[in-house]
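Student: Dropping a structure here in structure tokens format, bear with me for questions.
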Ligand code: ARG
């Protein structure tokens, strides 16, 4: 029996090495559902257009139903000789239903077929990732809601800068992930467009109804308008939707990686700000006291591979002339690994931060544990309220630059007494500036400092609470 889709012309078989080198079935079989979905939409349209018979269409449906069952039950025999997922499924279809199977490929090429499959598969993965991203945001928002009045030092240059609410700090990540969600929605629009009908590269001679196929596959915009790739050369060779997705994924991982870095710092003995549950840590084979933050460290590490995949895809595309080239087969493994890595990372972070969800009640428990005393003690070291003292003087009429200089002297004095600004006696403070009065201690307190930053987007508890409510409304019904 003929084992290749083009064998008549060839005078010698492929060597085993070349077969293995060119085959993709051992990774692209992952696209089988999209491949069947795309084939059924194509065949339905061929029948509706009178290009194949109603009987052919019925046979194709029957054959595909059996193939689906075989793949799901693990019975399907994937063959390296048949190169890829497309030829494997088509060959089995023909084995099962005869000529109808051979008619399926009418007006179609593997070039528009594979482009369609990857888009369908990725569209559904984008939806799954968007949901996971929303769950992570919701977990962060709920931890934030419990810690609005917990104060830690905010850093610049990793030097103590000004006190901030721990909730405010967590909500900074929620903002990043919210933008990531927007980016995914944007990528989804450009992913959800139909290449089928472009055939190998130039279009096809059959009277295909491309819009019908697009509607069947849900490749429509918000108004239900079918979304079609409108240049056949571009349709079969474009992978920029995959590159864009990888860029969005890399950025999500970069955000996770920054959070990881903070979690790792915060749980080191020198900070002692938080604990993560034991199930996210590992011990040491030599040092009995150790609990290592393996999960955030691995997330930080895995960011490298996702960023690497983006570089891989960009490089894959840069030298390709129009239209389809086999290079594009190399788009799949980086894309698959990006999706797997990202989904696992988002799931594990949601559990690690928010706790695991009880399926019965929907409540999460066992997430991040916060040591508020350690955070506040750290905020009291390092003169985090020095800016507040300068602002206090400015409000009494002192020009900001002079106030800045005055406070620098006060910080120097407090440093040499090894105490906080708020621990300097009033008489000492007045020695730095006569306008200083007893009410200065209100602004020198951590809580006073927070309260005072009541601008939109600032760390004052009222502002933070308002942001929590905004995020809750945005993330409902999670
Ligand atoms: N396995 C191929 C890919 O992933 C399918 C398309 C092959 N088309 C071709 N003309 N060789 O890109």
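Student: So how many residues does region 85-101 have that are within 11 Å of the ligand (Cβ to nearest atom) and crowded, with 23+ Cβ neighbours inside 10 Å?
Tutor: Matching residues across region 85-101 total 3.
Student: Hey, residue 418 hits all of (1) farther than 15 Å from residue 448 by Cβ; (2) assigned to a helix (DSSP H, G or I) but one; which does it fall short on?
Tutor: Against the list (1) farther than 15 Å from residue 448 by Cβ; (2) assigned to a helix (DSSP H, G or I), residue 418 comes up short only on (2).
Student: If a residue must be outside any helix (DSSP H, G or I) and surrounded by 13 or more Cβ atoms within 10 Å (Cβ to Cβ), how many such residues does region 460-478 contain?
Tutor: 2
Student: Follow-up question, since we're still on this one. Would you confirm, using the coordinates I've provided, whether residue 307 is in the same structural domain as residue 194 (by TED's automatic domain parsing), touching a residue at least 60 places away in the same chain (Cβ under 8 Å) and under 30 Å from residue 192 (Cα atoms)?
Tutor: Against the criterion (in the same structural domain as residue 194 (by TED's automatic domain parsing), touching a residue at least 60 places away in the same chain (Cβ under 8 Å) and under 30 Å from residue 192 (Cα atoms)), residue 307 does not qualify.
Student: Tally up the residues in region 340-365 that are over 19 Å from residue 137 (Cβ atoms) and more than 19 Å from the chain's Cα centre (by Cα), please.
Tutor: Within region 340-365, residues that are over 19 Å from residue 137 (Cβ atoms) and more than 19 Å from the chain's Cα centre (by Cα) number 4.
Student: Against the definition (over 31 Å from the mean Cα position of the chain (by Cα) and more than 16 Å from the ligand (Cβ to nearest atom)), how does residue 17 come out, yes or no?
Tutor: Here the answer is yes, as residue 17 does meet what is asked.
Student: Also: Any residue at all in region 121-140 that's within 16 Å of the ligand (Cβ to nearest atom), more than 28 Å from the chain's Cα centre (by Cα), under 30 Å from residue 326 (Cβ atoms) and surrounded by 22 or more Cβ atoms within 10 Å (Cβ to Cβ)?
Tutor: Taking every residue of region 121-140 in turn, none turns out to be within 16 Å of the ligand (Cβ to nearest atom), more than 28 Å from the chain's Cα centre (by Cα), under 30 Å from residue 326 (Cβ atoms) and surrounded by 22 or more Cβ atoms within 10 Å (Cβ to Cβ).
Student: Find the residue count for region 317-334, including only residues that are within 11 Å of the ligand (Cβ to nearest atom) and either closer than 22 Å to residue 247 by Cα or surrounded by fewer than 18 Cβ atoms within 10 Å (Cβ to Cβ) (or both).
Tutor: Of the residues in that region, 9 qualify.
Student: Same structure, new question: Got a sec? Which helices (runs of 4 or more DSSP H) wholly within region 181-295 have at least 2 residues that are touching a strand residue (DSSP E or B) at 6+ places or on another chain (Cβ under 8 Å) and buried (at least 21 other Cβ atoms within 10 Å of the Cβ)?
Tutor: 210-216, 240-266
Student: For region 446-457, give me each residue that is in contact with a strand residue (DSSP E or B) (Cβ under 9 Å, 6 or more places away or on another chain) and surrounded by 15 or more Cβ atoms within 10 Å (Cβ to Cβ).
Tutor: 446, 449, 450, 453
Student: Could you list, in sequence order, all residues of region 69-84 that are buried (at least 17 other Cβ atoms within 10 Å of the Cβ) and more than 16 Å from the ligand (Cβ to nearest atom)?
Tutor: Listed by number, the residues that qualify are 71, 76.
The values are calculated or read from the model by the stated rules, or taken from the named source; none is laboratory data. In this text, all values refer to a predicted model and were calculated from it rather than measured experimentally. All Cβ positions, glycine included, derive from the backbone under ideal geometry; neighbour counts span all protein chains shown.
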